[in-house]
Each structure stands twice: as C-alpha cells, then as structure tokens.
Amino acid sequence: MFDTTATAADTPRTRYRPSQRLLHWLMVIVIVPALIIGLYCSYLPQGIPLRRALLDVHKSLGMTAFFLIAIRLPLRLSLGEPAYRRPLDVFNHYAARGAHVMLYALMILMPLAGYTTSAAGGHDLPWFGFFQWPNLLPLDKGLEETAAEIHEYGAYCLIAIVSLHILAALWHHFVRRDEVLRRMTF
C-alpha cells in the first residue's frame, strides 16, 4: 500500500550546494593569498616599489573578497546548511557555529577596514590595474590610523580562525573520519 523506497529527493541533503562550495573555495583562493601578501608587506620598508605593487594586489584581493562575501552570506542565510548524517556532539556543534560566525564577521570587517585605511589616507584603491574604486571618504588621518589598527589586529584574528578552521576540518576527516570535510569538497 505505501511505498517505503527512498529516492534521492527524499533523503536529506548532506553536502553544501555546488554554489556554496564554489564560493567557499573561491574565497580560499582570494583570502589566503591576501593574508600572506599583507603579512609579508608588513615587514617591507614603506615606499619601496615592491611593497606598493604587492599592496595593490592585496587591496584587489580584499575588494574581491568583499564582493564574494556579499554574495556568499545571503546565499548561506537563504540556503542554510546541509544535515549531518551523524550529528556533531554539543561541543563541536557550538565550536563550529562560533568559528563560522567569527569567520563571516572577519570576512566583512577586513575589507571594510582595509578600504577605510586606504580611502581615509588618500591612497590608491586599485582593482588589479583595471580601475580605481571610488574614494567615498574624506582625508582623515585619525580614521586612517584607527582603521589600519583594526585591519592589522583583524588579520591576526583571521589567520588564527582560518588556521583553526583548517585544522578542525582535517581533524574531522583524518581522526574522526566523519563527513565534515566532504560536505564542502567537490
């Protein structure tokens, strides 16, 4: 009388949608180099051509990350996350939730602080040499310094959270042998 055969449409989704996975990995490709370049530039003397060229790439990556997060966040909020085959324990659930909230907050904060640093300081706002972003802020040395400090400490926080995120994904994959990492891979 009743058909109990499960179909693909009946089973809960256990992987992120392709659009979510694509945006995740695009952001990895953009954010990791931006962090490396920004950290490297912090050790270079101000004013040298190499530092200026690398900062132009860093700024371009940062603005790209900002536009990717502007797409990714609404998509994440509207599509949600897939179900787990085996739910995480309470500690891992809340640790993952907190880390993801911090990641999203920093992915928004960092480009805004970087833009504010450059705009308030009267510096270039390039995008890979194709064009300059409009400077929407007046020159303001105090604002530039505050934004630069937020950007610097935010970078250290982002490096820590991204590192923790990577280590947690690897731990889930190799130690716990669960599906956490597979949910986001292609």
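The values are calculated or read from the model by the stated rules, or taken from the named source; none is laboratory data. In this text the structure is predicted, and so the values were computed from the model without any measurement. When we count neighbours, we look across all protein chains shown, and the Cβ atoms used for this are built from the backbone with ideal geometry, even at glycine. Side chains are part of the model used for accessible areas, which takes the heavy atoms of the whole protein and leaves out ligands, DNA and RNA. Shrake-Rupley method; radii C 1.70, N 1.55, O 1.52, S 1.80 Å.
Here are some notes:
- When ALA83, ALA120, ALA99 are checked against the criterion of being over 19 Å from MET27 (Cβ atoms), touching a residue at least 24 places away in the same chain (Cβ under 8 Å), among the hydrophobic types (A, V, I, L, M, F, W, C) and surrounded by fewer than 17 Cβ atoms within 10 Å (Cβ to Cβ), ALA83 stands alone in meeting it.
Per-residue answers, yes or no, for (1) touching a residue at least 40 places away in the same chain (Cβ under 8 Å); (2) in contact with a His (Cβ under 9 Å, 6 or more places away or on another chain); (3) open to solvent by 70 Å² or more (accessible area, probe 1.4 Å):
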residue: LEU143; (1), (2), (3): no, no, no
residue: ILE150; (1), (2), (3): yes, no, yes
residue: LEU158; (1), (2), (3): yes, no, no
residue: LEU170; (1), (2), (3): no, no, yes
residue: LEU181; (1), (2), (3): no, yes, no
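Residues checked against (1) hydrophobic (A, V, I, L, M, F, W, C); (2) over 22 Å from ASP56 (Cβ atoms):
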position: PRO138; (1), (2): no, yes
position: GLU145; (1), (2): no, no
position: GLU152; (1), (2): no, no
position: VAL162; (1), (2): yes, yes
position: ALA169; (1), (2): yes, yes
position: GLU179; (1), (2): no, yes
position: ARG182; (1), (2): no, yes
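- Any hit, the stretch 64-81, residues being at pLDDT below 95 and assigned to a loop (DSSP other than H, G, I, E, B): yes
- Selection status of ILE29, exposed (fewer than 15 other Cβ atoms within 10 Å of the Cβ), free of Cβ contacts under 8 Å to residues at least 24 places away in the same chain, more than 20 Å from ALA169 (Cβ to Cβ) and among the β-branched types (Val, Ile, Thr): no
- Restricting PHE174, PHE130, PHE186 to residues that are open to solvent by 90 Å² or more (accessible area, probe 1.4 Å) and under 19 Å from the mean Cα position of the chain (by Cα) narrows the list to PHE186.
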